[in-house]
Amino acid sequence: TLLWRRIAGLWKRTSGRILIIVLGGIFAAGLGLCVFFSVNMAVYAERDCGSADCVIVLGCQVRGETPTPMLCDRMNAALELLESNPEAICVVSGGQGPQEHISEAEAMRRYLNERGIADERIIPEPSSTSTEENLRFSAELLAEHGFNGSIVVVTNEYHQYRADIYARRAGLSVGHHSAHTALRLFPNQWVREWGALAVAILTR
């Protein structure tokens, strides 16, 4: 093929061989990093926790004032924990982005209210715009409330590893309870998460 002929042509020159080796090394390193990320994403997705004193729910897109299906999945996973841990409080974390008429935190608060979770159990965090801010601002709110119990983070399974990275940086030790991602969305979200994880690690 044309590609292999060009590679063969490059290989005949010293500079070409160096270029091929360098590019091959970069490709191998990138592939290895993706495998490393994927293994950790799978491991953290399975680190479930059935009990909690506090549930932190990470925000996701809202259309107008309506939670998207992915955010509803996270809220339904949070409801499982809140109903089985009736004394637990819940931090709903997410700011207001483009095309959102209310903050993600407010949309989550309303969703929980409509399903029987009292306002007294909910602490809104309406300012964050990223996963890093979700966990950092939530940690600050919990510190203000003098909270020192067990914490479980609720988000999608592919997102738990990165959430744990930022939780540890915010000084939180957390468990995980994952919402399942729709199969049609899963491959795209998984691959996009590799890039987000690379940024998270490089900005450490």
When every protein chain stays in place and a 1.4 Å probe is rolled, 63, 204, 17 sorted by accessible area with the largest first are 204, 63, 17
Here FRET efficiency (C-beta to C-beta, residue 143 to residue 29, R₀ 45 Å, nearest 0.05) is 0.70
Whole-Å distance linking the alpha carbon centroid of region 161-204 with that of region 68-82 is 17
Give the whole-number value, in cubic angstrom per residue, of the convex hull volume spanned by the C-alpha atoms of region 132-204.
-> 79
Of all DSSP beta bridges having both residues in region 56-131, the percent classed as antiparallel (nearest 5) is 20
Farthest towards the positive end of the dipole of the chain, among 89, 134, 2 and with Cβ unit charges of +1 on Lys and Arg and -1 on Asp and Glu, lies the Cα of 2
Which translational diffusion coefficient, to the nearest whole µm²/s, is obtained for region 29-73 from the Stokes-Einstein equation, given a Kirkwood hydrodynamic radius over C-alpha pairs, 25 °C and 0.890 mPa s?
-> 181
Sorting 55, 174, 35 on solvent-accessible surface, 1.4 Å probe, most exposed first, gives 35, 174, 55
State the three equivalent ellipsoid semi-axes of region 78-198, derived from the C-alpha gyration tensor as the square roots of 5 times its eigenvalues, in descending order and whole Å.
-> 22, 17, 16
Counting Lys and Arg as +1 and Asp and Glu as -1, each charge on the Cβ, what is the dipole of the chain about the Cα centre in debye, to the nearest 20?
-> 1860
Heavy atoms of residue 51 accessible to a 1.4 Å probe, total area in Å² rounded to 10 | 70
Nearest 0.05, what FRET efficiency do residue 204 and residue 46 give at R0 = 30 Å with Cβ-Cβ as r?
-> 0.80
Percent antiparallel among DSSP beta bridges confined to region 1-141, nearest 5, equals 15
Per 10 angstrom bin, beginning at 0 and ending with the bin that holds the maximum distance, the Cα pairs of the chain fall in percents of 9, 32, 30, 13, 8, 7, 3, 0
Solvent exposure, largest accessible area first (probe 1.4 Å, DNA, RNA and ligands not counted), of 2, 10 = 2, 10
Within-9-Å neighbourhood charge of residue 89 [Cβ basis; K, R +1; D, E -1] = -2
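The values are calculated or read from the model by the stated rules, or taken from the named source; none is laboratory data. Worth saying up front: this structure is predicted, and the values here are computed from it rather than measured. As a convention, Cβ positions derive from the backbone with ideal geometry for all residues, glycine included, and neighbour counts pool all protein chains shown. What goes into the accessible areas is simple: the full protein's heavy atoms, side chains included, and nothing from ligands, DNA or RNA. Shrake-Rupley method; radii C 1.70, N 1.55, O 1.52, S 1.80 Å.
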